[in-house]
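Take a look at the structure below.
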Amino acid sequence: MSEVILQVNHLSKSFGKNEVLKDIDFSVKKGDVTSIIGSSGSGKSTLLRCVNLLETPTSGEIIYRGQNIETLKGGQSEYRSHVGMVFQSFNLFANMSVLKNCVIGQTKVLGKTKDEAQAEAMKFLEKVGMAPYINAKPHQLSGGQKQRVAIARALAMNPDVLLFDEPTSALDPEMVGEVLSVMQDLAAEGMTMLVVTHEMAFAKDVSNRVIYMNKGVICEDGTPEQIFGNPQKQETKDFLARFRSLSE
Amino acid sequence: MNKFTALYADMIKTWEGHSAQYLNGVVSTLSLAFVATVIGCIIGLVCGILQTIPYSKKDNPFKKAVLWLIRIIIRIYVEVFRGTPMVLQAMFVYFAIPYFTNNTVRLDVIPTAYLVVSINTGAYMAETVRGGILSIDPGQTEGAKAIGMNHLQTMLYVILPQTIKNIIPQIGNNFIINIKDTSVMFIIGYTELFAAHKAIVGAKYVYFPSSVITMILYLALTVIASIILRWWEDLMDGPDNFDVATTDTLALTSGTYNYRGDKKKKKREKQQIDANTEREEKNE
Ligand SMILES: Nc1ncnc2c1ncn2[C@@H]1O[C@H](COP(=O)(O)OP(=O)(O)OP(=O)(O)O)[C@@H](O)[C@H]1O
Ligand SMILES: [Mg+2]
């Protein structure tokens, strides 16, 4: 059995009176590629944002490699540097070139030298096919290119797990493929990933585990074969049926 | 027409008699406006940064109390110095210290002038910077947090560089306002351009010609300042193109990649072509 990297226990999150996440439990093992699916407003983004503390959970605990993150010695920032995040809206630093975007975290957070950091950044920019664009500013790139740089930026921090929040939802259809194929390569190399997605093909073919969320709870959790082939809950069946009818 | 030639002659005469005084005025106006704008920007940056330190319900009460106090103090500072005339602020600062110390301590005219204009500019800049910081897309902060940057690093490397670039027009505005508004410092006897004008017309009865000269000098200063500021803005925008690192097979055929056909360069090229054709036409 492989090592558990993240364990979420009894996590709840409310915005005012609106309880968005209710008593969520799940764990992420090394090498897992987990897709989180569910209808809009079911709390998928909130869950991901709680996992890397962009939102503060109302209650519950997150255990990172056996340690409660509240007692982790480096604090929130240290923990976040181990958990990469790729956003729907890219969030590349607008004031920096592509290369600088991938270097700044390494030098300022991880304390690497500039040369080390650049070499590392180039490695990942090459991997995502963005090496020719190192001197570009984010606003000069297309959406798909931006997202690939964002993935390289996250990878350059050498994270234990990468979170993706609908990484292809803001992209024109012809650019979705280039980002998904990068993600597929990462999965094949054994990167641990937690992916919120509406791309059912990705959930089905690339991930080895699918979580279906509904109204703030994990409704069903299993292998892609189980969830797509033989869903147990009525809500899951309804959701998937709606998706099929949409894509036809 | 007669009157205009007379005015011209009077202006020349006034200028020749007092050019050193005018130029001294120009120098003190410009140095006061420039230094005060720089110091004011620093004050504004510090206030803006302090005001936008985030806190959450979970933070300890001491931290929350301190941040709350800082915000109140800055709020009062901004309201007081934005809400009263600078000419009064100058008198206030200049006379307050002697009043409370029975004339034993006195701040000189020049430091008082620099202090008042700086603090005044700082009050305006504090609001500009605060607004500038808040207007940066929250995604930038999230991106920085997600790679493990703390608040200070996020500010220093991500938010402030973008804020400063966005507020350059406001900095320029303040500089130009300061060039003009430092004129009220004559009230405490600071000899800038307006004070020079006052002194010259006091010595001789040349009110109108001297006013024209002084207006021209102020206008020259502000116009030149505008041009320099525009140039600075362009500089901060950086180049419109970027070089595609070649050798890679993905590289595009030409060395320079233009995304969304960059307008400025096209315009420049077009002007070049227009100029060339014009020249050719003339030659024919
Ligand atoms: N900052 C916030 N303040 C208040 N309510 C919020 C906030 N963020 C999210 N919510 C609410 O939480 C609920 C879940 O939102 P969330 O973004 O997690 O859904 P989602 O599953 O990611 O949906 P989508 O597929 O549309 O992205 C929604 O009802 C939303 O209105
Ligand atoms: Mg979402």
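The values are calculated or read from the model by the stated rules, or taken from the named source; none is laboratory data. Please read these numbers as outputs of a predicted model, since none were measured by experiment. When we count neighbours, we look across all protein chains shown, and the Cβ atoms used for this are built from the backbone with ideal geometry, even at glycine. Only protein heavy atoms, including side chains, enter the accessible area calculation; ligands, DNA and RNA are left aside. Shrake-Rupley method; radii C 1.70, N 1.55, O 1.52, S 1.80 Å.
Could you list, in sequence order, all residues of the range A:141-163 that are open to solvent by 10 Å² or more (accessible area, probe 1.4 Å), free of Cβ contacts under 8 Å to residues at least 60 places away in the same chain and either part of a loop (DSSP other than H, G, I, E, B) or of a type outside the set (Lys, Arg) (or both)?
Hits for the range A:141-163 are A:Ser142, A:Gly143, A:Gln145, A:Asn158.
Would you mind stating whether A:Gly105 is more than 16 Å from ligand 1 (Cβ to nearest atom), out of contact with any Asp or Glu (no Cβ under 9 Å at 6 or more places or on another chain), open to solvent by 10 Å² or more (accessible area, probe 1.4 Å) and within 13 Å of chain B (Cβ to nearest Cβ)?
Considered against the rule, which asks whether it is more than 16 Å from ligand 1 (Cβ to nearest atom), out of contact with any Asp or Glu (no Cβ under 9 Å at 6 or more places or on another chain), open to solvent by 10 Å² or more (accessible area, probe 1.4 Å) and within 13 Å of chain B (Cβ to nearest Cβ), A:Gly105 comes out as no.
Taking the range A:34-71 as the search range and keeping residues that are open to solvent by less than 30 Å² (accessible area, probe 1.4 Å), more than 16 Å from ligand 2 (Cβ to nearest atom) and more than 12 Å from chain B (Cβ to nearest Cβ), which one is nearest to A:Asp185 (Cα to Cα)?
It comes out as A:Tyr64.
Scan the range A:72-86 residue by residue and report those that are within 11 Å of chain B (Cβ to nearest Cβ) and free of Cβ contacts under 8 Å to residues at least 60 places away in the same chain.
Selection gives A:Gly74, A:Gly75, A:Gln76, A:Ser77, A:Glu78, A:Tyr79, A:Arg80.
Per-residue answers, yes or no, for (1) in the same structural domain as B:Gln170 (by TED's automatic domain parsing); (2) open to solvent by less than 50 Å² (accessible area, probe 1.4 Å); (3) of a type in the set (A, V, I, L, M):
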| position | (1), (2), (3) |
| --- | --- |
| B:Ala20 | yes, no, yes |
| B:Val27 | yes, no, yes |
| B:Cys41 | yes, yes, no |
| B:Lys58 | yes, no, no |
| B:Phe62 | yes, no, no |
| B:Val66 | yes, no, yes |
| B:Val78 | yes, yes, yes |
| B:Leu88 | yes, no, yes |
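Restricting attention to the range A:21-33, and to residues there that are in a strand (DSSP E or B) and open to solvent by 20 Å² or more (accessible area, probe 1.4 Å), which single residue is farthest from ligand 2 (Cβ to nearest atom)?
Filtering first and then ranking leaves A:Lys29.
All but one of (1) free of Cβ contacts under 8 Å to residues at least 12 places away in the same chain; (2) closer than 30 Å to A:Thr56 by Cα hold for B:Leu45; which doesn't?
So the condition that B:Leu45 fails would be (1).
Quick one: in the range B:149-202, of everything that is part of a loop (DSSP other than H, G, I, E, B) and touching a residue at least 60 places away in the same chain (Cβ under 8 Å), which residue is farthest from the other protein chains (Cβ to nearest Cβ)?
Ranking the qualifying residues of the range B:149-202, first place goes to B:Gly189.
Closer than 23 Å to B:Ile159 by Cα, modelled with pLDDT under 90 and either at the interface with chain B (Cβ under 8 Å from one of its Cβ atoms) or open to solvent by 30 Å² or more (accessible area, probe 1.4 Å) (or both): does that describe A:Ser89? Give the derivation first.
On the way: closer than 23 Å to B:Ile159 by Cα: yes; modelled with pLDDT under 90: no; either at the interface with chain B (Cβ under 8 Å from one of its Cβ atoms) or open to solvent by 30 Å² or more (accessible area, probe 1.4 Å) (or both): yes.
In short, no.
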